[in-house]
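First the structure, in the form of structure tokens, and then the observations on it.
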Amino acid sequence: ETKNIIGIAGSLRQESLNKYLLQFMADEEYEGLNIQIESLEEIPLFNADLETGGDPGPVARWKQKLKKADGILIVTPEYSHGTPGVLKNALDWAGSMTNENVLYHKPVMLAGATPTRMGTGFSQAQLRQTLAACDAYPLQQPQIFIAQAHKLIENGKVTDEKTADFLKKAAASFREWIVQLEK
Ligand code: FNR
């Protein structure tokens, strides 16, 4: 049966390579996966004082969606060799136990795009630490590092066939990971 995935991008800008990559993956309609994109735009800065008496509206709604999802796809840039604050901030809300850690035992797939020759490896390594702390279950392999992404993603679409094929295989691995964890 179809697994419902919440897709989030770690960049907020309009022309984001990572947003394009996420949108492309959602549009591909991979077999057995339905990817619904949720923006982090409305998520406020984390403040534990705001958690008392329930999470703020946008956070509560977003966390509810994560909780209900079969898995999470995170597509993120790397900023200063680390995870963008926007994304880390959102994960701090999601993983906070004050109300509910909705990342608990949640299958996650990571991906990242960068115009540099690196591949968002530092960003994803930090993310894996955070996800481990929240007891989430990130897929180990394949790892999706899209370097020199501006040459592979043009006019908002993944135009490189090898990359598109790799992403399709990764999506199949993610679905398999979710199915295995459900057993
Ligand atoms: C970057 N960029 C960057 N790239 C990289 O590969 N490693 C890095 O450490 C950084 N650091 C960094 C810091 C800051 C503050 C910015 C704004 C950018 C470049 C980055 O990969 C590039 O701007 C991407 O296009 C950002 O992702 P989106 O917005 O296109 O998804």
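The numbers here are math on the coordinates, done by the rules we state, and not lab data. For clarity, every value in this text was computed on a predicted model and none was experimentally measured. Please note: Cβ atoms are built from the backbone with ideal geometry, for glycine as well, and neighbour counts cover all protein chains shown.
Helix 161-182 and the longest principal axis of the C-alpha atoms of the chain enclose an angle of approximately 40°.
Rounded to the nearest 500, what is the chain's calculated 222 nm mean residue ellipticity when only DSSP H runs of at least 4 contribute -39500 (n - 2.57) each, over all residues? Before the final figure, lay out each step's value.
Details: 5 runs with 69 residues, N = 183.
Helix-only estimate at 222 nm: -12000 deg cm²/dmol.
Of the beta bridges in the chain, as assigned by DSSP with both residues counted there, near 15 percent are antiparallel. Sorted into 10 angstrom bins from 0, the C-alpha pair distances of the stretch 33-183 split as 11, 38, 36, 14, 2 percent.
Ignoring GluC sites (Glu not before Pro) that are buried or in helix or strand per DSSP, and keeping those with at most 13 other beta carbon atoms within 10 Å, what is the longest stretch of the chain between them?
43-183
Taking the three principal axes of the alpha carbon atoms in the stretch 38-113, the coordinate ranges are 38, 27, 19 Å, sorted in descending order. The trypsin sites (Lys or Arg not before Pro) of the stretch 10-69 meeting both criteria, a DSSP state outside H, G, I, E and B (loop) and at most 14 other C-beta atoms within 10 angstrom of the site's C-beta, are Arg13.
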